[in-house]
Amino acid sequence: MNDLHEEIRRHHDKVLIVDFGSQVTQLIARRVREAGVYCEIAPYQSAASAFDLIQPKAVILSGGPASVTEPGSPRAPQKIFESGLPILAICYGQQTIAAQLGGAVEGGHAAEFGRANVEVVANSALFDGVWSVGGAYPVWMSHGDRVTALPEGFTVKALSENAPFAVASDERRRIFTTQFHPEVAHTPDGAKLLANFVHKVAGLKSDWTMAAFRGEAVKAIREQVGQGRVLCGLSGGVDSAVAAVLIHEAIGENLTCVFVDHGMLRQGEAEQVVTLFRDHYNIPLVHVQAQDLFIGALEGEADPETKRKIIGRLFIETFDAEAKKIAADGRGAPAFLAQGTLYPDVIESVSFTGGPSVTIKSHHNVGGLPERMNMKLVEPLRELFKDEVRALGREIGLPEAFVARHPFPGPGLAIRCPGGVTREKLEILRKADAVYLDEIHKAGLYDQIWQAFAVLLPVRTVGVMGDGRTYDYVVALRAVTSVDGMTADFFPYDMNFLGRAATRIINEVKGVNRVVYDVTSKPPGTIEWE
C-alpha cells in the first residue's frame, strides 16, 4: 500500500535498518518503534535504493550469518558512511564497518555465543543514564569472527572476555558499534541503549504512535480506494478485525466483510465474529459456509505445506466467487480485497536469505493476487508489528476480547492436526482446545500467556479407562510467553493446573486418552510454531 508508505514517511522521522540476514533483525525494528520512532528494514542488496527512497535520519546495520573475511561477503552501501548520518552497527554490522573503514577483522579466535558480561571502560553517548564506567553488564553475544583493529577515529568503550571491542565508537562522526545484540531480551539494558541512539545521538522525535497512524491510515485508504468497493477477508483474528474496522472508518458502506467458515475454526469462533461485525459495528458481512469445500479438499492430506497451499488457494477462489455475487447487486464489482498483512509478513516474503519464511507465509497473499481476480490489495496494517496492531485495535475501540485474543498460528486447526486431516480428528481437536482454553480462563492465566492451543498428535496409545482398554489419540498442550513472537518460552504451569486440564480433556473429549505438555522454548530466528 504505497500511499500509506508515503503518508507515513511525510510525517515521521525515519530510521533505516540494513538487514545482513540476522535471525533477529525484526527485533531491532521492534525496539526502535517501542522508543516511538518509525523505522523500515531493507536487505543489504537494496539498501542503497532504500536509503534514497526513505531518506532516513539515522541508520542501523544488523547482524548476520556471513563472515566478513570471506570474499564477496555483504557490505553496507558507501553512501551511508558519506551521508554523515548517525550509524549504529550491531555484530556483523560492527565487523563490516571495521572492514570498510580501515580496521581489521579476523576469524579463528574464541567465539562467543550466549550470555556474556561486558566491562565499560569509557563513557559514551550510547551509555548515557544506562551504563557507567567500571560497571559490568550482561549482554547476548553471537559471533565467531571479531574485530582486531579499529578504524581511525574509533575508540573502545566496552570489552568482554572474547571481544576486545565489544563497544567501539567514533563519537565525532556519530558512528557506534556493538559486538553484542542489544535488541534481544537477553541483553537487559539493550532497549535503553537503542533508545539512547535514536533519541540522544540521532535526536529523533517520539512521534510514532497508533493515534497518529490511525489518521494517516484512514487518509491513505480514502486516497487509494476513492469511491471503489472493498471486500475484506475476516479470519476471526485480531489482524483482520482491526483492518476491517479501520477501513470501515475510512470508507463506510463501501466495505463488505467476507467471513469464510472453513470448518477449522475454534469452538464458538464463527458466532463471535458474526455477532461483533453485524451487531456491534453494523458492517455488511457475508458469512460463507464453506466447511465441505475446505475439509473435502484437505481430507487425508498430511503434508503441512500442501495444507497451507490448499487453504490459500481455496480462500482466493471463495473471495473471487463472492466478489462476483456482490457485483450482481448493481453497484459494480469490488475493486479491492483487504487483508490483515503485517510488517513481518512483508519482511519475510522478501527474505534475501531464502530462509523458512518462504514456506511459513505461503498461505498469505503478500506478493499480490492472481490477475484473473482483477482486484487490488488494501493492506492498512502492512507497516505494523503484532503488538502495534493490538494498540491500534484499542485506539479504534475494538472490544478487548478481540484485541487481547491469542494469535492462532497457521491457517486454522488443519495445521494443529499433524498427519492426515479428517472431520473426526478436527472435531476431537476443537473440543480439546475449547476445554484447555476454558481452564486457562478459569485460572485467570489467559492474559499472562501470549499464545496457547492444543495439538492433536498423529499418535494413538493404549490406555485403561475404568475397567476398559482404550486405543485413542494423544493431545499436546502448548502455552508460551512472548512479546512479539520472535522468541518465546514455555509458560510455567503448576502441576495442579495441568492435572485439571488433562483430566477434563480425557473425561469430556471422546477419542483422547492421554495429554502431554510441550515445554519447548522458541529460540531467536524460528518464526512460527509448527
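The numbers here are math on the coordinates, done by the rules we state, and not lab data. The model shown is predicted, which means the values in this text are computed figures rather than measured ones. With ideal geometry, Cβ positions are generated from the backbone for all residues, glycine too; neighbour counts draw on all protein chains shown.
By the scheme Lys and Arg +1, Asp and Glu -1, what is the net charge of all other residues having a beta-carbon under 12 Å from that of residue 251?
Result for the local shell: 0.
Nearest 0.05, what FRET efficiency do residue 401 and residue 519 give at R0 = 25 Å with Cβ-Cβ as r?
Efficiency computed from Cβ-Cβ geometry: 0.30.
Considering the dipole of segment 249-352 built from charges on the beta carbon (Lys and Arg +1, Asp and Glu -1) around the Cα centre, which of 297, 264, 328 is farthest to its positive end?
So the residue we want is 328.
If we sort 184-193, 443-452 on the protection proxy, mean other Cβ atoms within 10 Å, highest first, what's the order?
Details: 184-193: 19.6, 443-452: 14.7.
Those peptides, ordered most packed to least, come out 184-193, 443-452.
Compute, for segment 57-198, the length of the dipole vector about the Cα centre, with Cβ point charges of +1 (Lys, Arg) and -1 (Asp, Glu) only. Units Debye, rounded to 20. Show your work: numbers first, answer last.
Numbers: 10 positive and 13 negative charges, 76 e Å.
Dipole magnitude for segment 57-198 comes out near 360 debye.
Among 120, 134, 215, which residue has its Cα positioned farthest towards the positive end of the charge dipole of segment 105-228, with +1 placed on the Cβ of Lys and Arg, -1 on the Cβ of Asp and Glu, and the dipole taken about the Cα centre?
Toward the positive end, the furthest listed residue is 215.
Can you give the angle from 0 to 90° between the axis of helix 304-327 and the longest principal axis of the chain, with both taken from C-alpha atoms, to the nearest 10?
Tilt of helix 304-327: around 70 degrees.
Taking Cα pairs under 8 Å and at least six residues apart, what relative contact order does the chain come out at, in percent?
On the way: 1052 pairs, mean separation 59.8, N = 530.
Relative contact order comes out at 11 percent.
Counting Lys and Arg as +1 and Asp and Glu as -1, each charge on the Cβ, what is the dipole of segment 374-516 about the Cα centre in debye, to the nearest 20?
Charge dipole, segment 374-516, about its Cα centre: 540 debye, nearest 20.
Identify all aspartates and glutamates with a Cα-Cα distance to residue 200 below 17 Å; exclude those on the same chain that are fewer than 8 residues away in sequence.
13, 34, 128, 170, 171, 189
Dipole size in debye (nearest 20) for the chain around its Cα centre, Lys and Arg Cβ +1, Asp and Glu Cβ -1?
It works out to roughly 240 debye.
So how much slack lies between residue 104 and residue 121, counting 0.36 nm per residue of separation and subtracting their Cα-Cα distance, in nm?
Result for the pair: 4.0 nm of gain on full extension.
Between residue 494 and residue 52, how many nm apart are label points set 7 Å from Cα along the C-beta direction?
Label at residue 494, label at residue 52, 6.3 nm between them.
Does anyone have the angle between helix 238-251 and the longest principal axis of the chain? Alpha-carbon axes, 0 to 90°, nearest 10?
Result, in degrees: 90.
For the pairs 386/431; 425/510; 79/386; 219/376; 14/192, flag any whose C-alpha to C-alpha distance is greater than 21 Å.
In this structure, 386/431; 79/386 lie more than 21 Å apart at Cα.
Go through segment 470-477 residue by residue and turn each phi into a ³J(HN,Hα) via Karplus (6.51, -1.76, 1.60, θ = phi - 60°); whole Hz please, and just put x for glycine and proline.
So the J values, rounded to whole Hz, are 10, 9, 9, 7, 9, 9, 9, 9.
Taking the dipole about the Cα centre of segment 1-157, with the C-beta of Lys and Arg at +1 and of Asp and Glu at -1, give me whichever of 56, 37, 93 is farthest to the positive side.
After comparing all options, I get 37.
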